[in-house]
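Below is one structure; the comments refer to it alone.
The values are calculated or read from the model by the stated rules, or taken from the named source; none is laboratory data. Since the structure is predicted, the reported quantities are computational estimates derived from the model, not experimental observations. All Cβ positions, glycine included, derive from the backbone under ideal geometry; neighbour counts span all protein chains shown. Accessible surface is based on the protein model in full, side chains and every heavy atom, while ligands, DNA and RNA are left aside. Shrake-Rupley method; radii C 1.70, N 1.55, O 1.52, S 1.80 Å.
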Amino acid sequence: MKDWKSTLVKPNVSIKDAILIIDTSGLQIALVVNDEMSLLGTVTDGDVRRGILKGISLDTEVSAIMNSNLKTASVAESREMILQRMTGSGLHHIPVIDKHGRVLKIELLEDLIGIPKQENEVILIAGGMGTRLKPLTDNYPKPLLKVGSKPILEIIIDNYIEYGFKQFTISVNYMSEMIEDYFGNGSQWGVNIKYLHEDKRMGTAGALGLLHHRPEIPFFVMNADLLTKVNFQQLMSFHKEQQSTATMCVRQYDLQVPYGVVHIEDHKLLSIQEKPIHHFFINAGIYILEPEVLDYIPKNDYFDMPSLFEKVVENKKTASVFPIREYWLDIGQKNDFDRANNEFEGIFG
């Protein structure tokens, strides 16, 4: 039994402290209460990430991002009534309160119906030539280069397995036989693995046009040269909460101008900003797509993910972004590969 009391926080604690509670309590939620244990709001991973997108500092009080539009259950309600409310509202957890609004416990969906099986497919794009990592990729495809004791692609698959995802499709091209020989049908990992065979460069989205089947539910697409500790269940929940057609993971990237920047108006100097830091969100190479998005992808042609998301927006569908706050590294060049090996034990060990 998970300790629901470990999720309790006061409204003046920092968002950073609330994140620690969300990540370590096992309940994926923080309950904001006053001194009388009255529930003031809730904070989930989605609330944190929406705050990041708004530029809210993690040192800010958690009350700035808490959800005050509370969905709660009464202690007088039966388990059947609570389960009906949770499934009807798509809730994974719900606080149970007494008539005075004080928190008594948290009901979890997995406790009421068991841990749901994750049927969402994971499509891993592993067809790149690994040119920037030569000579390391002269004899091995990049996804099979070892970081720590495992190939990059195996680390990725293990991460998805940790969150219950077991249906994989790997898009291959360069030295494809080595990848297929290593992973086979996935039975060694207790998963199902299928393959898409690219006979030319297809881009990060073009390989989806080779799918032999059309998924019926949202599916992941991820570049097979990334290391990350993203919680894929939280990512899927965020996608569903936003009712998105396509969700792109993004990572904050800071760029510092190495000079004093002069602000002017006509010929007048207004101010000087010394070595300012500009904040950007960059594409992190992890996506969730609804099946309908496949209609925008040309058959057997080169097509990149940015172009696919532009199509989604052009067709007035909802494209969302999910900010990654966890560890993330794109292994694109030799120094990235060296960094990954140096950091592996501390992050994944």
Restricting attention to the range 63-85, the residues that are closer than 24 Å to residue 250 by Cα and either surrounded by 20 or more Cβ atoms within 10 Å (Cβ to Cβ) or in contact with a strand residue (DSSP E or B) (Cβ under 8 Å, 6 or more places away or on another chain) (or both) number exactly 3
Quick one: in the range 40-78, which of the residues that are of a type in the set (A, V, I, L, M, F, W, C) and in a loop (DSSP other than H, G, I, E, B) is nearest to residue 94 (Cα to Cα)? 70
Residue that is most open to solvent (accessible area, probe 1.4 Å), among those in the range 94-114 that are touching a helix residue (DSSP H, G or I) at 6+ places or on another chain (Cβ under 7 Å) and at pLDDT 85 or above: 105
Breaking point among (1) without any contact (Cβ under 8 Å) to a residue 12 or more places away in the chain; (2) part of a strand (DSSP E or B), for residue 81: (2)
Give 156, 161 a once-over and let me know the one that is out of contact with any Ser or Thr (no Cβ under 7 Å at 6 or more places or on another chain), aliphatic (A, V, I, L, M) and within 20 Å of residue 337 (Cβ to Cβ). 156
Sole miss for residue 30 among (1) surrounded by fewer than 20 Cβ atoms within 10 Å (Cβ to Cβ); (2) under 24 Å from the mean Cα position of the chain (by Cα) is condition (1)
Looking only at the range 128-147, how many residues end up being surrounded by 17 or more Cβ atoms within 10 Å (Cβ to Cβ) and not basic (Lys, Arg)? 10
Assess whether residue 158 counts as being of a type in the set (Asp, Glu), modelled with pLDDT of 90 or more, farther than 19 Å from residue 334 by Cα and open to solvent by 20 Å² or more (accessible area, probe 1.4 Å). yes
Determine whether residue 156 is within 20 Å of residue 219 (Cβ to Cβ), outside any loop (DSSP other than H, G, I, E, B) and out of contact with any Phe, Trp or Tyr (no Cβ under 9 Å at 6 or more places or on another chain). yes
Looking at (1) surrounded by 14 or more Cβ atoms within 10 Å (Cβ to Cβ); (2) of a type outside the set (Asp, Glu); (3) closer than 20 Å to residue 238 by Cα; (4) out of contact with any Asp or Glu (no Cβ under 9 Å at 6 or more places or on another chain), find the lone condition where residue 89 falls short. (1)
Would you check which residues across the range 304-336 are of a type outside the set (Gly, Ala, Ser), open to solvent by 30 Å² or more (accessible area, probe 1.4 Å) and within 20 Å of residue 210 (Cβ to Cβ) and list them? 304, 306, 311
Quick test of your reading of the structure: residue 286 fulfils all but one of (1) outside any loop (DSSP other than H, G, I, E, B); (2) open to solvent by 40 Å² or more (accessible area, probe 1.4 Å). Name the failing condition by number. (2)
Looking at the range 289-329, which of its residues are outside any loop (DSSP other than H, G, I, E, B), of a type in the set (Ser, Thr, Tyr) and under 17 Å from residue 243 (Cα atoms)? 320
Over the range 43-62, the set of residues among the polar types (S, T, N, Q) and open to solvent by 50 Å² or more (accessible area, probe 1.4 Å) is 57
Considering the range 16-52, residues that are free of Cβ contacts under 8 Å to residues at least 60 places away in the same chain and of a type in the set (A, V, I, L, M, F, W, C), and then whichever is farthest from residue 6 (Cα to Cα), we arrive at 40
